[in-house]
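Laboratory data are not the source of any read-out in this text; all were calculated from the coordinates shown. Just so it is clear, the structure is predicted and the values come from calculations on it, not from any experiment. Cβ atoms come from the backbone with ideal geometry, glycine included; neighbour counts cover every protein chain shown.
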Amino acid sequence: MKRLVLTNEEALKITSRQMRLLESAKRKHLRKKRSSKNDIRLKNLMSSLSIEFNKILYSISFKSHYSFYLYLFLKDKASKQEPKAACEIYRLNMYYCPLEIRFQTIAKELKITRATVKQAYNELVSLGMILDVSDIYFPEHLSCKTAVVFNDSLISLYDKETNKVYFNMNAVKSPESWTFEGAIDSLTFKRKICMFPN
């Protein structure tokens, strides 16, 4: 990998251009019929959230218009979880505590169909924005999912060709911030899990 040395002026131009592109992506997103600007349900959802989010989310080409809002909903829920002794291991830079997810419950709360929630959930998993760990927590409960929500502030870029989200690992303070190894005795992860999508 080649490294490029930029002057302060060049770096400022690139940053400025990136900001303009994100603002353009935000305006495009809000012009959609199903957006927090035009849909009262989504507007109410956004007003109920107590989190900030990376504006790069506006540039992601979500197939389901609810994926953007489901991610924010799950992030808000995960950030509000009452800390537990074992769960504190997860409250690091890269991701939040594992979150129990029930599609039907979320559908009722957001006033959308269960199928819509499931579609948005699967897309977030595919993009690499959340990690489904249901097979470890509740493998016998088909109606309940468990997922780890990744920290969107560390998103480096969204690749349209691969339809994947990539994270800046250099921004993580410690390598332990992106491993589950030894986090909880009942979970036996035998290897470190890197947060880059496969």
**Q.** Within-9-Å neighbourhood charge of Val165 [Cβ basis; K, R +1; D, E -1]
**A.** -1
Q) Taking H as built 1.01 Å from N, whose amide H comes closer than 5 Å to the amide H of Ile101, not counting residues under 5 places away? A) Lys145, Thr146, Ala147
Q. What does the charge add up to near His65, with Lys and Arg as +1, Asp and Glu as -1, over the other residues with Cβ less than 10 Å from its Cβ?
A. +3
Q) Among 37-43, 157-163, what's the highest-first ranking by average C-beta atoms within 10 angstrom per residue? A) 37-43, 157-163
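Excluding Arg20 itself, what net charge comes from residues whose Cβ is under 12 Å from its Cβ, given Lys and Arg +1 and Asp and Glu -1?
Net local charge, Arg20 excluded: +4.
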